[in-house]
Amino acid sequence: MSEAKFNRIILKLSGEALAGEQGFGINQDIINNIAKQVKDVHKIGVQVAIVVGGGNIWRGIAGSAKGMDRATADYMGMLATVMNALALQDALEEQEVDTRVQTAIEMRQVAEPYIRRKAIRHLEKNRVVIFASGTGNPYFSTDTASALRAAEIEADVILMAKKVDGVFDSDPVKNPDAVMYKELSYLDVLNKGLGVMDSTAASLCMDNNIPIIVFNLEQNGNIFRACIGEKIGTIVGSDE
Ligand code: UDP
């Protein structure tokens, strides 16, 4: 048990992370692989809460760009996260990991409503908790939901899963000379507009001193490495 550096983590999975190369929807192999990686950290006693995005299905901003009412489009985005949450729950239970989905928009036939104290109780009982529907409010993102839930459940860290190794000074997909930062402060992220997370999420992390590790999900075992304190990706924290 002592192997783990963190007692309680929030794993932020974007919708894109579940889609893989197909770029849309849910890739079953990928979701199964994520479930296995989660099981590995769960086994060493890390309490895992997951905030899942919905961009692989629907993004509010895209709907509103086409003329749809922004709040309506955002609610659709939040519903998309519920589909991803259920798919993840299914994959985790396939791995025999006890899992509960809690949703910020009530739908009792499908998932529990979000109740902070109950979420903490589940974690203490070694259940993985998946937070769906973001914050439950339009105009926010699931990045902000991960910061909010991390503060609420007193998580030690947010693990931000990406398709690249960490945070770079330019887009590493387009620029082969892009340099990865090992460490950054919240203010760096905010001032340089580094695309780690949106500014609402970054300020919430800064105000509540929640460290963020940005890492590559596509490299197998990275969630485990991060949880045992191996230095992977980019660490975002306070300056001191
Ligand atoms: N969303 C929202 N409020 C929230 C979280 C999400 O309105 O608190 C909506 C928003 O439209 C967003 C969509 O849900 O575009 C999907 O979430 P997000 O874009 O954060 O998913 P990701 O980029 O992580 O896949």
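Laboratory data are not the source of any read-out in this text; all were calculated from the coordinates shown. Not measured: the values here are computed from a predicted model. All Cβ positions, glycine included, derive from the backbone under ideal geometry; neighbour counts span all protein chains shown.
Using the Cα centre of the chain as origin and beta-carbon charges of +1 (Lys, Arg) and -1 (Asp, Glu), tell me which of M206, V164, I9 is placed farthest towards the positive end of the dipole.
It is I9, whose Cα lies furthest towards the positive end.
Take the alpha carbon atoms of the chain, find their radius of gyration, then divide it by 2.2 N^0.38 Å using N residues; give the quotient.
Computed over Cα atoms of the chain, the ratio equals 0.95.
After finding the eigenvalues of the alpha carbon gyration tensor for the stretch 117-240, what semi-axes result from the square roots of 5 times each, listed largest first in whole Å?
The three semi-axes for the stretch 117-240 are 25, 18, 14 Å.
Taking every pair of alpha-carbon atoms in the stretch 154-202, what share in percent sits in each 10 Å bin, from 0 to the bin with the longest distance?
23, 55, 21, 2
Hey, got the Cα dimensions of the stretch 1-61 along the principal axes, in Å, largest first?
41, 25, 11
Using helices alone, I'd like the mean residue ellipticity at 222 nm for the chain: each DSSP H run of four-plus residues gives -39500 (n - 2.57), total over residue count, nearest 500.
On the way: 9 runs with 95 residues, N = 240.
After summing the helix terms and dividing by residue count, I get -12000 deg cm²/dmol.
Please sort through the DSSP H helices of the chain and keep those with an alpha-carbon extent of at least 30 Å along the long axis and a Kyte-Doolittle average not below -1.0.
Span-like helices here: 70-94.
Among N191, N33, N222, which one moves the most in a GNM of the chain with springs linking Cα atoms closer than 10 Å?
Of the options given, N191 has the highest mean-square fluctuation.
How do the peptides 149-162, 173-186, 130-143 rank, highest first, by the average count of neighbouring beta carbon atoms within 10 Å per residue?
130-143, 149-162, 173-186
For the pairs K39/K231; K36/K192; K162/K192, flag any whose C-alpha to C-alpha distance is greater than 26 Å.
K36/K192
Projecting each Cα onto the charge dipole of the stretch 95-218 (Lys/Arg +1, Asp/Glu -1 at the beta carbon, about the Cα centre), which of M197, A104, Y139 comes out farthest on the positive side?
A104
Mean separation of Cα pairs under 8 Å and 6+ residues apart, divided by the residue count of the chain: what relative contact order is that in percent?
Once normalised by length, the contact order is 22 percent.
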